[in-house]
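Input: a single structure, listed below in structure tokens.
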Amino acid sequence: MYFVANWKMFGNLKSINTLNKVIKFSKSKEINKGRLIYCPPYTLLNSFYKKFKNCLIDIGAQNCHENDDYGAHTGYVNSKMLKSIGANYVIIGHSENRKKGENDNLINLKVKSAIKAKLKVILCIGETLSEKRKRKTKSILSKQIKIGLKNIKKNSNIFIAYEPVWSIGTGNIPNQYELEKILEFIKKSFRGKAPKILYGGSVNPRNIMELKRVNYLDGFLIGGASQSAKKFIDIVKKTYS
Ligand code: 13P
């Protein structure tokens, strides 16, 4: 199972000390077969990389520019730059960025540039509450997958993170039956081998007992709870308990 910590726009140099507990845990037997990946803000990527040098915790970025070469794009960072400082993953298409105008075509360009730079892509998809109410979930997810992964031949470096927008930061999660149906739908929308699938949206040490029972899941994308080393470790421990 993969446990991806998305720190969003949180954290400073002091937060690095909180990682000691996680590093210790990652070297213990309790980690089981869990794979830990931290996606801090760009400003902390290199510090996290150095901190995790002697352990198996990986790092990823929360977004990238769509151009795979350097260029005059003030304020942006591309996949090549991320790879060069030690990132192995990048989150693309998070709903918080879709809300700010990133569309599926732009997301597709980002995915392509990330693959070219040999980064693993965590492609976020998910419906809003109003889309859910209008029973549009499946058509939205299909479109996000189809355009987001257009002309991507191999799925081996792709992870799909199903993050219902109405679940992010709200404490609400889909029920097991509902979630399983959607994950099955996502898996089946791929011909051949489907990518690994993560669930994201209000994952915490309390609801993990329910979420871990859901079929078709390869891991979790964790926002708020991942900023606390204790909660993050608890989520991993409980997944295997
Ligand atoms: P929360 O876990 O805070 O709901 O955030 C989920 C998320 O957006 C992860 O990418």
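The values are calculated or read from the model by the stated rules, or taken from the named source; none is laboratory data. All figures in this text were calculated on a predicted structure; none of them were measured in a lab. Cβ: placed from backbone, ideal geometry, glycine included. Neighbour counts: every protein chain shown. Note: accessible area is taken over every heavy atom of the protein model, side chains too, but ligands, DNA and RNA are not part of it. Shrake-Rupley method; radii C 1.70, N 1.55, O 1.52, S 1.80 Å.
Quick test of your reading of the structure: Asn204 fulfils all but one of (1) open to solvent by 10 Å² or more (accessible area, probe 1.4 Å); (2) over 21 Å from Lys33 (Cα atoms); (3) within 10 Å of the ligand (Cβ to nearest atom). Name the failing condition by number.
Failing condition for Asn204: (2).
Take the stretch 82-107 and flag every residue that is among the hydroxyl-bearing types (Ser, Thr, Tyr) and either within 16 Å of the ligand (Cβ to nearest atom) or open to solvent by less than 50 Å² (accessible area, probe 1.4 Å) (or both). First the steps, then the outcome.
Restricting attention to the stretch 82-107, the residues satisfying the condition of being among the hydroxyl-bearing types (Ser, Thr, Tyr) are 84, 89, 95.
Scanning the stretch 82-107 gives Tyr89, Ser95.
Return the only residue of Lys153, Lys237 being away from the ligand (no atom under 14 Å from the Cβ), open to solvent by 60 Å² or more (accessible area, probe 1.4 Å), in a loop (DSSP other than H, G, I, E, B) and not small (Gly, Ala, Ser).
Going through Lys153, Lys237 in turn, the sole match is Lys153.
In this structure, does Leu106 turn out to be in contact (Cβ under 8 Å) with a residue 24 or more places away in the chain and in a loop (DSSP other than H, G, I, E, B)?
no
In the stretch 210-231, how many are away from the ligand (no atom under 11 Å from the Cβ), in a helix (DSSP H, G or I) and under 23 Å from Ile125 (Cα atoms)?
2
What is the one condition in (1) open to solvent by less than 60 Å² (accessible area, probe 1.4 Å); (2) away from the ligand (no atom under 16 Å from the Cβ); (3) assigned to a loop (DSSP other than H, G, I, E, B); (4) within 30 Å of Gln144 (Cα to Cα) that Cys55 does not satisfy?
(4)
Could you check Lys33 against (1) in a loop (DSSP other than H, G, I, E, B); (2) more than 24 Å from Cys124 (Cα to Cα) and say which number it fails?
In the conditions (1) in a loop (DSSP other than H, G, I, E, B); (2) more than 24 Å from Cys124 (Cα to Cα), Lys33 misses (2) alone.
Any residue at all in the stretch 159-172 that's crowded, with 16+ Cβ neighbours inside 10 Å and over 17 Å from Glu127 (Cβ atoms)?
Yes, because at least one residue in the stretch 159-172 is crowded, with 16+ Cβ neighbours inside 10 Å and over 17 Å from Glu127 (Cβ atoms).
Taking only pairs six or more apart or across chains, which ones have beta-carbon atoms under 7 Å, a first residue in the stretch 88-99 that is closer than 13 Å to Asn157 by Cα, and a second residue that is outside any strand (DSSP E or B) and within 11 Å of the ligand (Cβ to nearest atom)?
Cβ pairs passing all conditions: Ile91/Gln62.
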